[in-house]
Amino acid sequence: MITIKKVDKSYFELYDKIPMNVDVRSELQLRRIDGGLGGIEFEEVPVTPYLKDLAKYERATEYEKEFDISTWHFFMAFDDDKPVGALTLAGPTPNLYMLGGMKESCVLWDIRVDDKYKHQGIGQKLFDEARVVACGKGYKKMIIESQNNNVTACRFYRKQGAVISKIDTNAYASEPGLENEVQLIWTLELK
């Protein structure tokens with residue numbers, strides 16, 4: 001039986017053991033209509049499959065080295081005692097630029113589900129719990145980052161009601177191996 005639990009930093013080592021793999025089989029390619037003046041269109045295009053390990057970029061045990069996490073909330077999914085999913089929700093935080101100074105907003109900083117437990121509704125349960133906490137804290141918007149090669153995440157965020165509010169084709173230009181990825185920032189209005 002899967003249970004969702006709000007946790008604190010004493011769980012970070014367990015949290016980091018949960019894989020954060022993206023099975024990439026397609027990507028959303030961006031097409032600017034009339035140089036962008038006519039809008040932007042995404043087309044899902046198959047790619048040679050590969051596995052992208054996002055956990056190497058995101059470690060809960062490192063959060064406090066960069067941020068004051070006193071406004072952050074952490075959730076984990078357990079199959080009995082085994083950690084199988086996790087989510088971090090970040091409240092207003094100095095140097096957290098994704099919020100753009102919006103004090104009534106939060107960031108879905110990290111969501112992950114163990115590969116063996118994907119497509120069982122665990123991500124949805126984690127997201128639902130985070131949404132309840134975000135609304136309870138009075139946040140009006142949730143900001144979410146994804147990349148154009150994480151089509152599953154993009155579809156998931158859209159299903160939650162989020163809309164793309166920013167597209168950055170150069171966000172990862174200085175990161176070797178990620179240069180061609182497009183950053184998509186989603187905004188979810190909270191009610």
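Some notes on this structure:
- Test: residue in the stretch 161-174 that is under 22 Å from Phe75 (Cα atoms), outside any loop (DSSP other than H, G, I, E, B) and either in contact with a helix residue (DSSP H, G or I) (Cβ under 6 Å, 6 or more places away or on another chain) or hydrophobic (A, V, I, L, M, F, W, C) (or both): no
- Tally, over the stretch 116-135, of residues that are farther than 13 Å from Pro19 by Cα, surrounded by fewer than 18 Cβ atoms within 10 Å (Cβ to Cβ) and either in contact with a Gly (Cβ under 6 Å, 6 or more places away or on another chain) or not aliphatic (A, V, I, L, M) (or both): 6
- Odd one out for Ala153 among (1) in contact (Cβ under 8 Å) with a residue 40 or more places away in the chain; (2) buried (at least 18 other Cβ atoms within 10 Å of the Cβ); (3) assigned to a loop (DSSP other than H, G, I, E, B); (4) of a type outside the set (Phe, Trp, Tyr): (3)
- Those residues of the stretch 101-115 which are farther than 20 Å from Arg59 by Cα and surrounded by fewer than 18 Cβ atoms within 10 Å (Cβ to Cβ), in sequence order: Gly101, Met102, Lys103, Glu104
- Note on the stretch 43-96: residues that are over 14 Å from the mean Cα position of the chain (by Cα), among the aromatic types (Phe, Trp, Tyr) and open to solvent by 50 Å² or more (accessible area, probe 1.4 Å) amount to 1.
The values are calculated or read from the model by the stated rules, or taken from the named source; none is laboratory data. Keep in mind that what you see is a predicted model, and the values were worked out from it rather than measured. When we count neighbours, we look across all protein chains shown, and the Cβ atoms used for this are built from the backbone with ideal geometry, even at glycine. Surface accessibility is based on the protein's heavy atoms, side chains included, excluding ligands, DNA and RNA. Shrake-Rupley method; radii C 1.70, N 1.55, O 1.52, S 1.80 Å.
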